[in-house]
Structure formats: structure tokens, C-alpha cells
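Here is the structure we will look at, set down as C-alpha cells.
The values are calculated or read from the model by the stated rules, or taken from the named source; none is laboratory data. It should be emphasised that the depicted structure is a prediction, and the values quoted were computed from it without experimental measurement. Side chains included, ligands, DNA and RNA excluded: accessible areas come from the protein's heavy atoms. Shrake-Rupley method; radii C 1.70, N 1.55, O 1.52, S 1.80 Å.
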Amino acid sequence: IMKQFSTLLLQNTIQSSRFLLGRLKPKPVFTAVAQKHASAFLRDLNPESLPKVAIIGRPNVGKSTIFNRLAKRKVALVYNTPDSHVTRDYQEHLGSLGDLCFRVMDTSGLEPGMRPSSIQGRSMSITRTLLDQAHVVLMVVDARTGIVAQDEVIAQWLRSNCSREVVLVANKSDTKEARAHHDDVVIDAYRLGFGSPVFVSAEGNVGMDDLYLALQPHIDEAAERVLRMEGEDLGVLQRQDLDRKKE
Ligand code: GDP
């Protein structure tokens, strides 16, 4: 009898606490505001300190096209031949993907292991400096050609020179060849050591939702770290945002 009584008492306690918790649940409007990402607050407070995303890969894989897509640039600065990269400098721009905000850096023209040795030394040291500033690196490969030797050189270089999180991106997945080689690209990509690739088409604006999911934890973590360092309380910012919306 005592056992049955205590079981009943326990069930009652659980039910009443569930009832109480239900009543204490925040109103939906607050929950919606609380889901705003840290990087969106940081963009308004101090856009210079937004997390940085660096784009790296061999020539012609679509780095500039991805850069333009993330930077929402209307004028596409794309070149078709590897030679055209020689005179190009690196670019940095405010970027966004959905509600994620960051700074995006294009390393086109600074690809490691691609140049005559005198220029190569300089460009590799610039690339290393850029990657040191980055919070996350997008290594781009071409899903149409599959993984080639130059990709392995860059991946090897990244593994020994870069301590940042690397997201592997297989671009040009809109093409017939890419669809035919899809499984080979997935398997071969594991050789690079950065897990399975996110398939996108920068030109066709395809796969950006998957890229968002891959970037989001890194951007959030870096933005929250900066906000904490700057003494900003995310909870306070969210309440301020809510107050502004009420006004
Ligand atoms: P980068 O050298 O890595 O910066 O490459 P670019 O962005 O300059 O692009 C090289 C070529 O690939 C250009 O002709 C682009 O139009 C083309 N390209 C870029 N992204 C895509 C894509 O998603 N699909 C297809 N089919 N072509 C693309």
C-alpha cells in the first residue's frame, strides 16, 4: 500500500510540476526574439569584429562566385582562366547567409602551391595571415571534375598550416558531370581530411541551406565569444530588441 501511495504521490508531483512549468513557459513572441543569432547583434554593434569566413581552393573551382553570393555583390568578378588570377588581390566584404552575418574573405590569386616560387612565398604568407584571422575556412572543390591532385596539395597545406575549422564545399553541383560523379566525390573527399562535402551551386544558388547548417555553429560560437569579450549580455540585447519592437 505504501509503495502504491508513494508512486501515486510521485505521479501527482510530476503532473503538477508539468502544469506549473507550462504556465511559466515564455510567451511565443519572446521565444521568437530569443532565436535571433548573436552575429546579427554583432553586425549592428560592431561589424568590424564579425566572425570571418575565408574561402580557399584551387583556381576556377568557383571561389569568387561563392564570395559574390555570400557578399551579395551584384557585379560578379569572375575569371575563366587560371592566368587571370596572377594579378588579383584578396578581397574582404560584409557577408550574410540567412540571418548569419560575417565577414567573407576570398583568397583567389593566393592559392598555395600554384605559383612560381618567388611569388608563391609571398602569397602563401598572405594566405596564412588571412587564415589566421578567419574563424572558419571554406575549402572549395569542383564537383564537376571531382577531387584532383591540386586539391590534395591545398588540403595538405591546410592541415599543416591552419588550425581553423574547415568546411569542405563541392561547387558546380548543378552540372550533369557533377551529378554523375556525386558518389565518387563524396568518397574521394574523405581523403582531404575535412569530412563529407556540402554540395552547392554558387551560380545557381543551390545548396545554400546546407551551407548555412555547416556554418551556423561556428559563426554563432565566434560571435557569442566576441559579444562576451565586449561585455555584452546576449539576454540584455534580446530584451532591448523586444522593447524596440514593442515601441
Ligand atoms: P575561382 O577561380 O575559384 O575564384 O572561380 P570563379 O568564381 O572565378 O569561377 C570559375 C568559373 O566557374 C566561372 O566561369 C564561373 O562562371 C564558373 N562557376 C562558378 N560557380 C559555378 C556553379 O555553381 N556552377 C557552374 N556550372 N559554374 C560555376
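At a probe radius of 1.4 angstrom, the accessible area of region 126-178 per residue rounds to 40 square angstrom. Close amide-amide hydrogen proximity is noted between VAL206 and SER201, each under 5 Å apart and 5 or more residues distant or on a separate chain (H modeled in the peptide plane; Pro and chain starts excluded).
When the inverse distances between all different Cα atoms of region 147-247 are averaged and flipped, the Kirkwood radius reads 16.5 angstrom.
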